[in-house]
Amino acid sequence: MDDFGIGNAENVQILVENSPLTAVGLPESSFAEDSFHERIPSRFRRLDELGKGQYATVYRAEDLEDSKKIVAIKHLRLLTDCERTHLGGSTNDLREAEILSSLAHPNIIRLISSFNDGPQKTLIMECMDFSLEDVIRDKRSLPEFLFSHIMYYLLHITHGLAYLHKEKVVHRDLKPNNVLLNVKGEVKIADFGCSKRYCHSDPRYTKQRGSRTYLPPEVLLCSSVVNETVDLWALGCISAEFCTRKPLFGVEGEGSDLAQLTRIHSILGSPDSEDYPEGQVKGIDVSKFHRYPRVPPNEIIPKAHDVVHTVMGKCLVYDVGKRWTSQACLTHLLQFDGEGTSFHVPDPWPVPRTARRRESLIIPPAKRRSEQITPLESSNTLDLSINEEEEESHSPSKKPRLSGNLQEKLCHSKVRRKLF
């Protein structure tokens, strides 16, 4: 048994109390094999793949013992010794389950249960319909982000961050793809594979980190001072993306830490020595970076709303000590929305095409074909077959075979006579 109460395939321990998965000690027959050689309890029927990352794959599944409730099943790949060494001895496969099991907030994805099957770690979580990235990229579903949309997303994301930081948890991989939504208007922060318990007395840098595009400069520079404000830098990037519809600091190709830093400096302007107080960045002379002039947020994205300029200006700050905290950001957003209308689901609520297509994937083909037939088409087919049977029963001999076009015209005339 490991430190977090996760057993093996012969002794499955449920992490979350009052979970619907209350069986302990599931036998081997309780697991179902699939084509990917990953196993899940047989009470779940896998539907489709939701996403795949470097360390995990997420599927959507039905819980056959809970009214076919839709859940998300996340298979965490076992890290190799080389990967663990590169990530500083990280045990993210266990840490994600431990952290999620201790969290309970409407803006944080909910962990239903967790189990081990040998080296395979699996999390069962509530399932959402699409991500914020899907909405941002799909301009057809939402041609332009209105102020109500921006405030709604920012408020809910910041609420979740404020709760995480209060619980001493740093997400470290906040980005639009890890902000999940559903058709009801719920917004939840997900994917805690890079998250970590934070201690102010020991803010040491670790090698594990999230997507480079949303990382702050101190992480790219391997700073010795990394705290919860890394999530606020990512929030500033997301706020800009509502207007740009693409990553603000995106670098073509795989890029590198140096290319990412250069991209940040070229947009915000180069940092000065006072932007990195003594001890934050060791062994790096920031004065040797190529010099770019400082650019205020309202010049970076002139057409953005004032709230976007404010969040960018307070979150995209080089000095960690001057960067907004999640609570300060939340307080400002609440003051900005004096009437509290931004907590109402904005109209229209965008549902990207990817989510609509996904719904068709889980419907069996036969059922999908039957649902595509309209009542009029169904009655046409029925009436036509009855007419043919009646004519054959009254005909003493078999009718000659008609050509395709003539047969089609005859069918239409029969249907028309029957309907009208």
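Only the coordinates and a few stated rules stand behind these numbers; no lab work does. The structure presented is a predicted model; accordingly, all values stated were derived computationally and were not measured. Cβ coordinates were reconstructed from backbone atoms using ideal geometry, including for glycine residues, and neighbour counts include every protein chain displayed.
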Give the long-range amide H neighbours of residue 56: residues separated by 5 or more places, or on another chain, with amide H under 5 Å away, using H modelled in the peptide plane at 1.01 Å from N.
77
Which of 121/166; 246/288; 175/314; 52/121 exceed 24 Å between C-alpha atoms? The answer is 121/166; 246/288
May I ask you to order 284-291, 105-112, 243-250 by the average number of other C-beta atoms within 10 Å around their residues, highest value first?
105-112, 243-250, 284-291
Computed FRET efficiency, Cβ-Cβ of residue 336 and residue 77, R0 45 Å: what is it to the nearest 0.05?
0.60
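Sorting 222, 82 on the 10 Å Cβ count, fewest up front, what's the list?
Working: 222 15, 82 8.
Fewest-to-most Cβ neighbours within 10 Å comes out as 82, 222.
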Suppose each label sits 7 Å from its Cα in the direction of the beta carbon; what would the residue 144-residue 343 distance come out to in nanometres?
2.9 nm
What are the residues whose amide H is under 5 Å from the amide H of residue 122, where those residues sit 5 or more places off or on another chain and H is modelled from the backbone?
76, 115, 117
Taking placed amide H atoms and a strict 5 Å upper bound, the residues 5 or more places from residue 110 or on another chain that come that close are 126
Output ³J(HN,Hα) for the range 317-326: one whole-Hz value per residue in order, computed from phi by the Karplus curve 6.51 cos²θ - 1.76 cosθ + 1.60 with θ = phi - 60°, and x for Gly and Pro.
10, 5, 6, 4, x, 9, 6, 4, 8, 5
For the range 123-134, Karplus couplings with θ = phi - 60° (6.51, -1.76, 1.60), whole Hz, Gly/Pro x:
10, 10, 10, 5, 9, 9, 9, 6, 10, 5, 4, 4
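At a 10 Å Cβ-Cβ cut-off, how would you order 172, 294, fewest neighbours first?
294, 172
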